[in-house]
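For reference, the structure is listed below as structure tokens.
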Amino acid sequence: MSQEPQHLMSYTKLASVLFALLILTGVTVGVSYIDMGIYNVPVALGIACFKVSLVLLFFMHLKYEGRAIIVSFLSTVCFLAIMISFTFWDVAFR
Amino acid sequence: MSETTSFFNTPSPPQLKGIWAWLLTQDHKRLAVMYLWAVMFWFGIAITIGFLIRIELMSIGPTIMGPDLYNAAFTLHGVIMIFLFVIPGIPAIFGNFILPIQIGADDVFFPKLNLLSWYLYMAGGIMALVSLFTGGGFPDTGWTFYVPFSISTSHNVPLTVLAAFTLGMSSMLTGLNFITTVHRMRIKEMGWMQIPLFTWALYATAWVQLLATPVISITLLLIIFERLFSIGLFDPDKGGDPLLYQHLFWMYSHPAVYVMILPGMGVISEIIPTFSRKAIFGYKAIVYSSMGIAIAGSLVWAHHMYTSGMSDTAIFVFSLLTFLVAIPTAVKVFSWVGTMYKASIEMTPPLLYAMVFIYLFSVGGLTGLVLGAAGTDIHVHDTHFVVAHFHFTMFGGTGFAFFAALHYWWPKMFGIMYDFKRAYIAATLATVGFMFHYVPMFILGMMGMPRRYYDYLPQFSQGNLFAGIGGILLFIGIMLMLINLLLSFRKQEKAVANPWGGVTLEWSIPSPPPLHNFVAPPTVQDYPYDFSNVLQKAAAQHSSVNTEQKESE
């Protein structure tokens, strides 16, 4: 198979992502001290998802991959989302 | 002619010799053969344990084992059969051997990862074996490792769970390899709708393996954490939720049922057209139904939990979804039968096994609807009805498909042919034994006999006696089948490259194949099951025989 072109990222970009991740970790800790009722967990999960997306897109180069890889990745996310949400047919109606 | 030297005589990498040429091989065909012997070893053990369980149940009271040993026996039978035979059987052996050839490739995309998968499989098997003789004794939880029992029993659960975890890893890496191989190694001329159905089935399976296996892997690790550190994830005494375990367990283990059956369906989709000498009916419908089963089958896990105390809403939703899976499954059965309609059928051992598969699997599928409907399930839940149902699907389905695959690709893998007469006798014995073994279990289940019970009430004795007799017949049939295949090594009756008149690419290369599979560039047909050349050749042979006969007259 022919060698695929490699994508190199600048240190500035990588450092920016790292900085964003650290800031978001601080935000996660910060919001845990605020009482938002039932919204505490969704907010924490939302921030965590955003952080995961940054890691996948930039550190794991998903942003620069072909269509097959992106579709594969999105299907795994959908699968996980369906699995978790379907569990709530039970948990939410007990 | 060096190009046609078989892979048995060509080490890969080339510098390896002797046993190392096997233990460090990166050739997909050698790995398939290594998987074959390993899987058959475990199958032999598991079927013997199953046989002993059935002998124990043939009469009331203790006969050959006590209750503790009985608990361990059905756990081991389940764990070994599921994780070491049924899940890896067809993909690891026939998938590894046939998939790259069917798509015109010379190997899988990650040959080293393939070797690692084999080592993980062996490591998992060894761990399962070690777990029997260490810790607190034989694991006795059943193959489902249900909490809270699995976190409280003193028996050696952690190592068995770790074995299942390792085997899951092996299965996942094989799945990853197959997906990548189909995408990246497929010959350029082969479009998606020209891929043989066995490869399609493995592709759909690989996605389920890749997506669902991590769920069980994490769940099994959580059991170990809970046992070691008393975390309280599943144990209600510590604030945990035992139903959460069941959800997580079945999120993998129900899709795993399709990991077990889809490759089997792929095998049948190859065998039926080959021996019908006819294009498969509804090629695209079978492809879409494979993907449909993979997707819909992943959404029905909680139908194992109707009596666990789940919400009524969940019971309704999961029951509805369960019925949806029946549709793509029925599409396949209809297509196989439709292919045989008005076909030029040639009876061979693989076809006989395939036909038995269709019948047994259909019974298994239909009785699955009894269990999928919440109302009826409550009556037969955890009875012998369930045992009969899943053996009809997993053994009558996947098991018989595995036997069919063995007989179909045996000449290709080893270049030798087995004895047909013995193969027919073995298949008949196994089928008759199967029916006598499992049909009484349906009745016992309807009568209320629970599963996993060491002893039973007098009203169940007749059914258990019948089931025992059937079990003995089944065991003899399978042993005869295996002996017949092994005897082919002694007889060494050479098989030609295409003994069945198959049209997929594996039949266009020598038997056994050379190291790089193709001695000449493969030619892809517009339609993967186009038998016009085979029929023309047969007609030409027929007319030449007729001419010779007339001349001799």
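Counting other Cβ atoms within 10 Å of each Cβ, which chymotrypsin sites (Phe, Trp or Tyr not before Pro) in the range B:340-429 have at most 11 and sit in a DSSP loop?
B:Tyr341
Which of the trypsin sites (Lys or Arg not before Pro) found in the range B:1-69 are in a DSSP loop and have at most 16 neighbouring Cβ atoms, other than their own, within 10 Å?
Of the trypsin sites (Lys or Arg not before Pro), the ones in loops of the range B:1-69 whose Cβ has at most 16 other Cβ atoms within 10 Å are B:Lys17.
Report, in debye and to the nearest 20, how large the dipole of chain B comes out about its Cα centre when Lys and Arg carry +1 and Asp and Glu carry -1 on their Cβ.
Computed charge dipole of chain B: roughly 780 debye.
Within a 10 angstrom radius of each residue's Cβ in B:310-317, how many Cβ atoms of other chains show up on average? Whole number is fine.
5
Hey, can you rank B:42-48, B:56-62, A:46-52 by average C-beta count inside 10 Å, highest first?
My ranking of the peptides, most packed first, is B:42-48, B:56-62, A:46-52.
Could you do me a favour and compute the accessible area per residue for the protein assembly as shown, 1.4 Å probe, result in Å²?
43
Could you name the aspartates and glutamates in cross-link range of B:Lys491, using Cα to Cα under 16 Å and dropping any fewer than eight places away on the same chain?
Excluding near neighbours in sequence, the set is B:Asp419.
Checking the cross-link filter: which lysines have an alpha carbon closer than 24 Å to that of B:Lys238, excluding same-chain neighbours under 8 positions apart?
none
Evaluate E = 1/(1 + (r/R0)^6) for B:Ser230 and B:Thr134, where r is the Cβ-Cβ distance and R0 equals 22 Å; express this FRET efficiency to the nearest 0.05.
With R0 = 22 Å, the Cβ-Cβ based efficiency is 0.50.
First check a/c for the range A:10-60, with a ≥ b ≥ c the square roots of the eigenvalues of its C-alpha gyration tensor; if it is under 1.5, answer rounded, and if not, answer prolate when a/b is larger than b/c or oblate otherwise.
Because a/c hits 1.5 or more and a/b fails to exceed b/c, the range A:10-60 counts as oblate.
Give me the distance in nm between label points sitting 7 Å out from Cα along the Cα-to-Cβ direction at A:Ser16 and B:Thr523, one decimal.
Simple spin-label model gives 5.7 nm for this pair.
Tell me the total accessible area that A and B bury against each other, 1.4 angstrom probe, in square angstrom rounded to 100.
1600
Positive end of the charge dipole of chain B (Lys, Arg +1 and Asp, Glu -1 on Cβ, about the Cα centre): tell me which of B:Leu159, B:Gly309, B:Phe414 has its Cα farthest that way.
It is B:Phe414.
Cut-off 19 Å, label point 7 angstrom out along Cα-to-Cβ of B:Ser154: give me the residues of the range B:127-144 whose amide nitrogen falls inside.
Label zone hits: B:131-142.
Of all accessible surface on chain B at a 1.4 Å probe, what whole percent is carbon and sulfur?
The nonpolar share, carbon plus sulfur, comes to 69 percent.
Based on the alpha-carbon gyration tensor of chain B and its eigenvalue square roots a ≥ b ≥ c, which shape applies: rounded if a/c is under 1.5, prolate if not and a/b is larger than b/c, or oblate?
prolate
Please determine, in degrees from 0 to 90 and to the nearest 10, the orientation of helix B:28-57 with respect to the longest principal axis defined by the Cα atoms of chain B, where the helix direction is its Cα long axis.
40
Using +1 on the beta carbon of Lys and Arg, -1 on that of Asp and Glu, and nothing else charged, what's the dipole of chain A about the Cα centre, debye to 20?
100
Order A:Tyr11, B:Tyr258 by their accessible area, 1.4 angstrom probe, all chains in place, largest first.
Ranking A:Tyr11, B:Tyr258 by accessible area, largest first, yields A:Tyr11, B:Tyr258.
With +1 on each Lys and Arg Cβ and -1 on each Asp and Glu Cβ, how big is the dipole of the protein assembly as shown about its Cα centre, in debye rounded to the nearest 20?
820
For B:Lys284, go through the lysines and keep the ones whose alpha-carbon is under 24 Å away, minus same-chain ones fewer than eight residues off.
Within the straight-line cut-off, B:Lys284 pairs with B:Lys188, B:Lys332, B:Lys342.
Rank A:Leu74, A:Leu8, A:Cys49 by how far each Cα sits towards the positive end of the charge dipole of chain A (+1 on Lys, Arg Cβ; -1 on Asp, Glu Cβ) and give me just the farthest.
A:Leu8
My understanding is that a pair violates if its Cα-Cα distance is over 29 Å; which of B:Lys421/B:Lys494; B:Lys29/B:Lys494; B:Lys412/B:Lys537; B:Lys112/B:Lys278 do that in this structure?
With Cα atoms farther than 29 Å apart: B:Lys112/B:Lys278.
Round to the nearest 0.05 the FRET efficiency obtained for B:Arg184 and B:Asp530 when R0 = 25 Å and r is the Cβ-Cβ distance.
For B:Arg184 and B:Asp530, the calculated efficiency is 0.45.
Tell me which of B:Met435, B:Phe402, B:Ser461 sits at the most positive position along the dipole axis of the range B:363-465, charges placed on C-beta atoms (Lys, Arg +1; Asp, Glu -1).
Final value for the positive-end residue is B:Phe402.
Let me know the mean shielding of A:72-80 by other chains, meaning the per-residue number of their Cβ atoms within 10 Å of its Cβ.
Average neighbour count from other chains, rounded to a whole number: 3.
Hey, got a sec? Which trypsin sites (Lys or Arg not before Pro) in the range B:126-223 land in a DSSP loop and have at most 13 other Cβ atoms within 10 Å?
The qualifying sites are B:Lys188.
The values are calculated or read from the model by the stated rules, or taken from the named source; none is laboratory data. Just so it is clear, the model here is predicted, and its values are computed rather than measured. Positions of Cβ are generated from backbone atoms using ideal geometry, with glycine treated the same way; all protein chains shown enter the neighbour counts. Note: accessible area is taken over every heavy atom of the protein model, side chains too, but ligands, DNA and RNA are not part of it. Shrake-Rupley method; radii C 1.70, N 1.55, O 1.52, S 1.80 Å.
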